[in-house]
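The values are calculated or read from the model by the stated rules, or taken from the named source; none is laboratory data. The structure presented is a predicted model; accordingly, all values stated were derived computationally and were not measured. Using ideal geometry, Cβ is built from the backbone for each residue, glycine included, and neighbour counts are taken over all protein chains shown. Just the protein is used for accessible areas: all its heavy atoms, side chains included, with ligands, DNA and RNA removed. Shrake-Rupley method; radii C 1.70, N 1.55, O 1.52, S 1.80 Å.
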Amino acid sequence: MDGNSVVDIKQLAPENVRAIAPYVPGKAISETAREIGIPEEKILKMASNENPLGPSPKAIEAMRRWVGQLHLYPEATFDLKAVLARKLGMGPGHFVLGNGSNDVLELVARTFVRPGDSVVYSQHGFLVYPLVTQAIGAKAIEVPARDYGSDLDAMAKAVRADTKMLFLANPNNPTGTFSPWEEVRGFIRRIPPHVIVVLDEAYGEYLPDALRSPTLRWLAEFPNLVVARTLSKAYGLAGLRVGFGVAHPDAAELMNRVRQPFNVNQLALVAAAAALDDAAFIEKSRDVNAKGLEQLRHGFERLGLEYIPSHGNFITVRVGNAKAAYEAMLREGVIVRPIAGYGMPEHLRVTVGLPEQNARFLDALARALGRR
Ligand SMILES: Cc1ncc(COP(=O)(O)O)c(C=O)c1O
């Protein structure tokens, strides 16, 4: 090769790929411990909406039985779909399994969206929506939020002739806002049937009983609806990467063609199947979360801080100079999530922890803001 004609590798990628803003995850515990020179056990991470109770104990037990079998390709897809079918009252043909629900979000897009099509989602929506849209070379239509939540009317109006897909998270991350289900149903009715509506219910398990999602019952009426759920949050399996989509069987079948074979590993499959049957763990997760949210709300009120009422396992609070507050807390070993990347430079998002963790966070926040 001619040494003078060195190729700029970046220029080889299509423009839409070069324009992707990288996803920035919550800061790692190990990295923080190294940077500030304290042991990892002393670090408190409340940055990634993980379950403070750890993984479902039933999932751990199931994985133990399988670790000696990891030389084999995954084969528990059938079993997990059978559990989902039993739990959710839908035939196994409705499901597509994902390496986390992020994988499902991407699968839907890769199955239905062409380069040049447009995709609608809300301002302050989950950052994976723009990422997926951009990676495909589709056009993003970001609809301004209303009171930090999704403006369903404006989103329905934003649909154009070239719109192929729409993402809606309910509850939404990072704002924790929730749209009542009757409004969501009215909204879907307004969306043309050739537009795929992806309802992202990553935090659905945390909703109180009266607000639990009715959306699976809508699938017969709306074949263009895809519901995405995850085992990462209330089931405590974020590190395993397992989620699923529920859709019309024809849509699920297409997505299953696009999906990589074995996209969900065997430990994740067996753990997910066990966790779905761990009702006691889910109840405990919900309970700890509801009490933790209350503790955090009270703490913010004591500090005179404005917060966005949350329906998830996190809450977003307005602190002013969020970058400075984040960095000050980081120096104490408390990791939260700055959300300037979501267009909210004055807010921090904090994941609900155990009571003592919430208390440590509130103390650190008060110090960071010079309130004590
Ligand atoms: C709204 C929303 N959707 C989907 C996900 C994806 O979760 P996972 O890929 O772990 O299932 C998250 C994770 O934070 C989220 O906040």
Asserting the computed 222 nm helical MRE of the chain (DSSP H runs at least 4 long, -39500 (n - 2.57) per run, divided by residue count, to nearest 500) equals -11500 deg cm²/dmol
Apply the a/c threshold of 1.5 to the C-alpha gyration tensor of the stretch 11-122 and tell me whether it is rounded, prolate or oblate. oblate
Using a Förster radius of 22 Å, what is the FRET efficiency between residue 15 and residue 160 based on their Cβ-Cβ separation? Nearest 0.05, please. 0.55
Amide H contacts of residue 369 (H built 1.01 Å from N, under 5 Å, at least 5 apart or other chain): none
Between residue 64 and residue 211, with labels modelled 7 Å along Cα→Cβ, what's the label distance in nm to one decimal, could you check? 3.7
Scan the stretch 273-372 for chymotrypsin sites (Phe, Trp or Tyr not before Pro) in coil per DSSP, keeping those whose Cβ has at most 11 other Cβ atoms within 10 Å, and list them by number. none
Of 42/284; 81/284; 27/323, pairs whose Cα-Cα distance is over 19 Å: 42/284; 81/284
Given springs between every Cα pair under 10 Å in a Gaussian network model of the chain, which of 74, 171, 14 has the largest fluctuation? 14
Which percent of the accessible area of the chain is formed by carbon and sulfur heavy atoms (probe 1.4 angstrom)? 54
Stretched out fully, how many nm does the piece from residue 30 to residue 182 gain, at 0.36 nm a residue minus the Cα gap? 50.3 nm
Computed about the Cα centre, the charge dipole of the chain from +1 Lys/Arg and -1 Asp/Glu charges at the Cβ has a magnitude in debye, to the nearest 20, of 200
Per 0.36 nm of contour for each residue apart, how much would the distance between residue 189 and residue 290 grow if the chain were fully extended, relative to their Cα-Cα spacing? 33.1 nm
Relative contact order for the chain: what percent, with Cα pairs under 8 Å and sequence separation of 6 or more? 23
Highest-MSF residue in the chain out of 228, 13, 272 [GNM, Cα springs under 10 Å]: 13
Global geometry of the stretch 209-354, whether rounded, prolate or oblate, following the gyration tensor of its Cα atoms and the 1.5 cut on a/c: prolate
Among the trypsin sites (Lys or Arg not before Pro) in the stretch 154-222, which ones are in a DSSP loop with at most 16 other Cβ atoms within 10 Å of the Cβ? Mind listing them? 160, 212
Among all stretches of the chain without exposed GluC sites (Glu not before Pro) (DSSP loop, at most 14 other Cβ atoms within 10 Å), which one is longest? 222-372
State to the nearest 20 debye the size of the charge dipole of the stretch 182-276 about its Cα centre, where the only charges are +1 on K and R beta carbons and -1 on D and E beta carbons. 180
Mean separation of Cα contacts under 8 Å (at least 6 apart) over the residue count of the stretch 284-342, i.e. the relative contact order in percent, is 19
How many Å² of accessible area per residue for the stretch 89-221, probe 1.4 Å? 37
Inter-part gap, Cα centre of the stretch 162-187 to Cα centre of the stretch 197-274, in whole angstrom, is 16
Between 168, 72, 199, where does the largest GNM mean-square fluctuation fall for the chain, given springs only between Cα atoms within less than 10 Å? 72
